[in-house]
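Only one structure is covered here, and it is reproduced in the block below.
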Amino acid sequence: MVSLRIGRRRAYAVLLLVPVLAAAGCGTPPPPPVGSPTGSATPPVTTGAPAPTAATPDTADQPAATASPTRAGLRHVFPVRATKVAYHPTHSAYPGTDIFADCGEPFVAVTDGTIGEVSRRDRYDRQGPQGPYNGGLSVSVLGDDGVRYYGSHLTEVADDIAPGVRVRAGQQLGTVGRTGNANNVCHLHFGISPPCLGEDGWWIRRGVIWPAPYLDSWREGGNREPAAKVAAWHRKNGCPERPPAR
């Protein structure tokens, strides 16, 4: 069982070929064809990144999550409920995965937990700050395993989804879309991270460990859990106050 203590600073605890997306948000190479193995990846694309910005998402849309007790052995499911999906095990600039599926396909809760941050407005502007609003419409879930699961570029957020609402594994949170800096390509950006309550930032929420090994398991009906890996990252890095230097 992984124990995760949340404080201010420390804790223990893609079907289609697409252009490379913007480096500050989704910058994944084209996904393999459907049915292809996702474990034999080409190296991540290396592109220039915009300078860090002090701008942060509107806190009216992004309230802090409420921590839940951590639990091991929880059921985990693949975050997109669709027959045709593809994803690449690497991502540009930081750990994360772009899951490619048709716009409108359901985005679901990976495990039991509580809704944390929700954004129902697309505030991304190519001429504005790069980073804080790249995800467009988005939802995160603080799982009962102590891990935050984040999905963005949504077309819409389900009506009953709001901060503090309890959800179950497989419950629909919204639909796959192309808001934010998705570059007109339907996909879900998926990130795994610790909650870092009190000192959160978009650079943590977007993902800190590679999701592909877990997605591979969940897609095949397995239950590989990321809690230990997230806890180890959190012990080493705490809750960084700014994006990592590049």
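The values are calculated or read from the model by the stated rules, or taken from the named source; none is laboratory data. Predicted, not measured: the structure shown is a model, and the values here were computed from it. Please note: Cβ atoms are built from the backbone with ideal geometry, for glycine as well, and neighbour counts cover all protein chains shown. Surface areas here come from the heavy atoms of the whole protein model, side chains and all, with no ligands, DNA or RNA. Shrake-Rupley method; radii C 1.70, N 1.55, O 1.52, S 1.80 Å.
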Quiz item: How many percent of Cα pairs in segment 83-193 exceed 15 Å?
Solution: 61 percent
Practice problem: Go from 0 up to the bin containing the longest alpha carbon distance in segment 92-136, width 5 Å each, and give me the % of pairs per bin. | Solution: 5, 13, 16, 24, 29, 11, 2, 1
Quiz item: Can you give the three extents of the C-alpha atoms in segment 196-246 along their principal axes, from longest to shortest, in whole Å?
Solution: 36, 20, 19
Quiz item: How large, in percent, is the carbon and sulfur part of the accessible surface of segment 179-246 at a probe radius of 1.4 Å?
Solution: 49 percent
Quiz item: Which one of Pro194, Leu154, Gln171 is farthest out on the positive end of the charge dipole of segment 109-198, using unit charges on Cβ (Lys, Arg +1; Asp, Glu -1) and the Cα centre as origin?
Solution: Leu154
Practice problem: Normalising by the residue count of segment 90-183, find the relative contact order in percent from Cα pairs under 8 Å and 6+ residues apart. | Solution: 38 percent
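Mind ranking 115-127, 145-157 by how tightly packed they are, going by the mean number of other C-beta atoms within 10 angstrom, highest first?
Answer by packing, highest mean first, reads 145-157, 115-127.
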